[in-house]
Amino acid sequence: MELDFSEKFAKKMDRDDQLNSLRNLFYFPKFKNKDCIYFNGNSLGLQPKDSKLILNKEFEDWANMGVDGHFKAKTPWISYHKIFTNSISNLLGAKNEEVIVMNSLTVNLHLLFSSFYRPTKDRYKILCESNLFPSDRFVIESQIKFHGFDIDDALIAVTPRKGEYIIREEDIVEKIKNNSGQISLVFLGGVNYYTGQVFDMQMISRYARKYGAKIGFDLAHAIGNVKLKLNEWGVDFAAWCSYKYLNSGPGNVGGAYINKKYHKKDLFRLAGWWGHKEKSRFKMGENFHPILTAEAWQLSNAPIFGMSVHKVALDIFDEIGIEKLILKSKKLTNYLEYVINLLFDESKKFNAKIITPSQSEKRGCQLSVLINHNADILFKNISNLGVKIDYREPNVLRIAPVPLYNSFYDIYLFGEKLKLCL
Ligand SMILES: *Cc1c(COP(=O)(O)O)cnc(C)c1O
């Protein structure tokens, strides 16, 4: 389709978009009493308007029932985590018994590493991408130290080639082959948080398996953003957070996926009472009998208030379906790419370049723009015009039009404001 940077074109695209009215389900932050242009859903998704209502319902149950709410609340607290199973397994392409909503992302990574990073004196290395999210790097490094290995020796970080920004998948495969017999774990972001690059999780999983390594993904930037088929791809484990594309609120509950081949009684895991079989959990016995699903990794009883909001947010995904959202996402992102390239080409001042891959299947909705000159000034100026995007020092702007609540007109307006800054 012929793209056009004009108000008329953007509005026509919105009229033709069946999902356009979904934005009314969310609160937009204000700028000078008007909705701001929000392209920051990759950091914190917007609040679904029904959140307060549902949260209040749980408060009422607690007020009226006290401890009895565990069994008698409208959604009994004792099994509250089960209400997410279908929605999450749909988003991940997982089997129902492979997913569990619990804790937060970094905590879950440590829990999963306790089961999946079991280094031996020969096989102890972890392969990751070089531009990892800091928390993931801290997890990896502290786990390596925890097991008594040396980080310089045990950590293999795959970097982009000189002069490039995106990691070539063949370089990942090459490193897996070259260290065969020594890699214990391959661990990557399914979508890299910095560049927006989507890795070929299926292919990388296949190679990890072939060379005897476990394969895990951080899906913080992937869930609710790109198509996932974790079970089919043979991924061993994954974790995510719910406050980015899943719109469930700051710091809200995350989750973990564990391939069903590991749902065994004798597999090592750091354990807590909520992972114990439900039937005998309250007998308060001394022996741990794990539930033979991903639920075995649960430690504690569930944080109901946050979870209630998570449910509201996931209901929206259930209603629309991720396929439709991804279709719209590709159109939005292509349009944003077109507008950015058009405007930066016209103005050489900032010497800018999109570093996110240009192929649709290699990215989600985020575009990362490298600004070679005065990135901080551009960021400040556009922020002062009511545009919410994300700035990663020293010189990358991350801009994410989210299909649930962003429109083509948002992109047009963004372009108008960017033009002013250029
Ligand atoms: C957002 C994000 C995190 C944040 O971790 P929390 O434990 O939820 O604070 C970690 N890793 C990646 C890749 C992220 O994008």
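Residue 244 fails exactly one of the following numbered conditions: (1) in contact (Cβ under 8 Å) with a residue 60 or more places away in the chain; (2) basic (Lys, Arg); (3) away from the ligand (no atom under 16 Å from the Cβ). What is the number of that condition?
Unmet condition: (3).
Using beta carbons and a limit of 6 Å, which pairs, at least six apart or on different chains, have the first residue in the stretch 105-123 and more than 29 Å from residue 252 (Cα to Cα) and the second one within 13 Å of the ligand (Cβ to nearest atom)?
Between residues of the stretch 105-123 that are more than 29 Å from residue 252 (Cα to Cα) and residues that are within 13 Å of the ligand (Cβ to nearest atom), there is no close pair.
I'm trying to understand the selection: among the residues of the stretch 1-34, which are of a type outside the set (Phe, Trp, Tyr), surrounded by fewer than 16 Cβ atoms within 10 Å (Cβ to Cβ) and either over 18 Å from residue 331 (Cα atoms) or touching a strand residue (DSSP E or B) at 6+ places or on another chain (Cβ under 8 Å) (or both)?
24, 29, 30, 32, 33, 34
Please state which one of 372, 395, 351 is more than 24 Å from residue 10 (Cα to Cα), crowded, with 17+ Cβ neighbours inside 10 Å and of a type outside the set (Asp, Glu).
So the residue among 372, 395, 351 that is more than 24 Å from residue 10 (Cα to Cα), crowded, with 17+ Cβ neighbours inside 10 Å and of a type outside the set (Asp, Glu) is 395.
Residue-by-condition table, conditions (1) under 20 Å from residue 333 (Cα atoms); (2) in a helix (DSSP H, G or I):
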| site | (1), (2) |
| --- | --- |
| 365 | yes, no |
| 373 | no, no |
| 377 | no, yes |
| 382 | yes, yes |
| 398 | yes, no |
| 403 | yes, no |
| 409 | yes, yes |
| 412 | yes, yes |
| 416 | yes, yes |
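If you check 408, 379, 414, which single one turns out to be farther than 18 Å from residue 12 by Cα and either of a type in the set (Phe, Trp, Tyr) or not assigned by the TED database to the domain that holds residue 27 (or both)?
379
Given the criterion touching a residue at least 40 places away in the same chain (Cβ under 8 Å), hydroxyl-bearing (Ser, Thr, Tyr) and assigned to a loop (DSSP other than H, G, I, E, B), identify the matching residue among 333, 356.
The conditions single out 356.
Would you check if there is a residue in the stretch 282-292 being assigned to a helix (DSSP H, G or I) and not aromatic (Phe, Trp, Tyr)? Break it down into steps so the answer makes sense when it comes.
Filtering the stretch 282-292 down to residues assigned to a helix (DSSP H, G or I) leaves none.
No: zero hits.
Return the pair list, or none, for Cβ contacts closer than 6 Å from residues in the stretch 189-206 that are farther than 9 Å from residue 221 by Cα and not assigned by the TED database to the domain that holds residue 359 to residues that are within 13 Å of the ligand (Cβ to nearest atom) and modelled with pLDDT under 95, at least 6 apart or on different chains.
From the stretch 189-206, the pairs are 194/131.
Looking at (1) among the aliphatic types (A, V, I, L, M); (2) part of a helix (DSSP H, G or I); (3) within 30 Å of residue 161 (Cα to Cα), which is the only condition residue 126 fails?
Here residue 126 clears every test but (2).
Considering only the stretch 105-127, state which residues are under 26 Å from the mean Cα position of the chain (by Cα), away from the ligand (no atom under 11 Å from the Cβ) and not small (Gly, Ala, Ser).
Residues satisfying the conditions are 111, 112, 113, 116, 117, 118, 125, 126, 127.
If you check residue 306 against the conditions, is it without any contact (Cβ under 8 Å) to a residue 60 or more places away in the chain and under 24 Å from the mean Cα position of the chain (by Cα)?
Taking the combined requirement at face value, the residue satisfies it.
Could you list all residues from the stretch 264-279 that are under 17 Å from residue 113 (Cα atoms), without any contact (Cβ under 8 Å) to a residue 40 or more places away in the chain and either of a type in the set (Lys, Arg) or outside the structural domain of residue 297 (by the TED database) (or both)?
Once the filter is applied, which keeps residues that are under 17 Å from residue 113 (Cα atoms), without any contact (Cβ under 8 Å) to a residue 40 or more places away in the chain and either of a type in the set (Lys, Arg) or outside the structural domain of residue 297 (by the TED database) (or both), the stretch 264-279 yields only 264.
In the stretch 1-57, which residues are assigned to a strand (DSSP E or B) and either touching a Leu at 6+ places or on another chain (Cβ under 6 Å) or not polar (S, T, N, Q) (or both)?
Passing the criteria: 26, 27, 30, 31, 34, 35, 37, 38, 48.
The values are calculated or read from the model by the stated rules, or taken from the named source; none is laboratory data. Just so we're clear, the structure is a prediction, and the values are computed from it rather than from any experiment. Virtual Cβ from ideal backbone geometry, glycine too; neighbours counted across all protein chains shown.
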